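Visitor: Next up is a structure, given as structure tokens.
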Amino acid sequence: MRQRRSLFEMIFGGRKKEPQNITYLELLNTLIATFTPFGGEAYSSDIVRAAVDAIARNAAKLKPKHIRRVNGQIFLVDSDIQRLLSLRPNPYMDAFTFYYRVVTHLFLTNNSFVYIDTDDTGTIRAFYPVNYSNIELLESNGEIFVKFNFLSGKKVVLPYTNLIHLRRHFYKHDFYGESNNDALLPTLELINTTNQGIINAIKSSANLRGLLKFSQAMLKPEDIKRERDRFVTEYMDITNNGGVAALDAKADYIPLNNDPKIVDKDTMEHIKQAVYSYFGVSEAIVQSKYTEDEWNAFYESTIEPLAIQMSLEFTSKIFTEREIGFGNEIIFESNRLQYASNKTKTNMIATLMPLGILTINEAREILNLAPVEGGDKRLISLNYVNAQYQDAYQLDEEPQQQAEGENIKQGGENQNASNTSSSY
């Protein structure tokens, strides 16, 4: 029988032993070193899930790049880190799934941790997003550690330097982003109450409600109950598709008007927009029916700040100070032009290519076309001229001839100036 292996051991099993004499980290503004995420309840809401999914699936398209800046120039580094971050950060996730989960954690709990797994030589071999039930900040010999507690009951203590930590709503706490509890919970309760009200209204309106009034003077309680049950069985059963009940003269049916109240459309729209605003996303983005301007606004307000934070945090935690000093950096970029209209793309190419700003392959990339051989050349229009010699071209003169004329003229002016000075 094959022995079962623990995913916990496969990820964290090869670590060194936990540090000794470890205590809770003393913070500046609070005594609470423990954080319990609030997010499970929020993710159960379809509106919250749709908003977070729209952000995560677009942020997961960011392109990680290991670059090196040398003398003002940027070089792409074909390293193991580049391959890990762009293809498969760990054995269980491709890059898109990895970033999707990291961003989902961030927006649901306002804290997202990625464990950097290294071997005995310090070489990075994997990146793992950490999904925890709660965490504690610890300290030992001046070094900060984070204790992760999982729902399975297992625990692990990791150096903070081995953790990529992304945060949102970072305000009161010294280390953690603020919980969504106080800000989002009232809206979630309102959404739940609204949904329950609609469900109950539909159920109540689907039922036949009324009174049976018998014309006979006195009936025994058991007879009344028997007649009522017969009426319910025959006319209020789901098989009564016609919805019509027939009675003889001994009884009258008096209907009870049922007018359930539900939240109006404007109120429901306000609630939904409140959730979208909280997460920084619009309905057009959620439903993928955005215009070019709406996409650009979403990118600049939500995706780009996230890309900047990820670039800074990944760089500082992946590389040593010496490696950073040599220009090593992780950046996350997105070609926003792929979401532009064809008209915008062609206008940009027509404007920039004659100036030599774009190469042939760069222009083809904007149009989502594959590169071609020799496409790294820059084409420059001959319709442009150095502004210094524009008059020469307009007068059909040689630029050098005009330049010499200007020099003679300037020399004459200088000579006149000297004569004038001497006359005084």
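No lab work stands behind these numbers, since they all come straight from the coordinates. None of these values were measured; they are calculated from a predicted model. In this analysis, Cβ positions are derived from the backbone assuming ideal geometry, glycine residues included, and neighbour counts consider all displayed protein chains.
Visitor: Give the calculated FRET efficiency between Val372 and Ser316 to the nearest 0.05, with a Förster radius of 35 Å applied to their Cβ-Cβ distance.
Guide: Numbers: r = 39 Å, r/R0 = 1.11.
That pair, Val372 with Ser316, gives E of 0.35.
Visitor: Now for a different question. Over the Cα atoms of segment 97-156, what radius of gyration and what Dmax do you get, in Å?
Guide: 13.0, 37
Visitor: Sort Leu106, Leu188, Leu312, Leu76 so that the residue with the fewest other Cβ atoms within 10 Å of its own Cβ comes first and the one with the most comes last. Provide the component values of the computation, followed by the final result.
Guide: Details: Leu106 24, Leu188 19, Leu312 14, Leu76 10.
Arranged by neighbour count, lowest to highest, Leu106, Leu188, Leu312, Leu76 become Leu76, Leu312, Leu188, Leu106.
Visitor: Of Lys147/Lys317; Lys289/Lys345; Lys61/Lys377; Lys65/Lys317; Lys61/Lys289; Lys345/Lys377, which pairs sit farther than 21 Å apart, going by alpha carbon to alpha carbon?
Guide: On the way: Lys147/Lys317 18 Å; Lys289/Lys345 19 Å; Lys61/Lys377 28 Å; Lys65/Lys317 15 Å; Lys61/Lys289 18 Å; Lys345/Lys377 19 Å.
From Lys147/Lys317; Lys289/Lys345; Lys61/Lys377; Lys65/Lys317; Lys61/Lys289; Lys345/Lys377, over 21 Å: Lys61/Lys377.
Visitor: A further question follows. Limiting things to C-alpha atoms, what are the Rg and the maximum Cα-Cα separation (Dmax) for segment 60-179, in angstroms?
Guide: 15.9, 51
Visitor: Considering Cα pairs under 8 angstrom that are at least six residues apart, work out the relative contact order of segment 36-157 and quote it in whole percent. Numbers along the way, then the final one.
Guide: Working: 158 pairs, mean separation 23.5, N = 122.
Reported as a whole number, the value is 19 percent.
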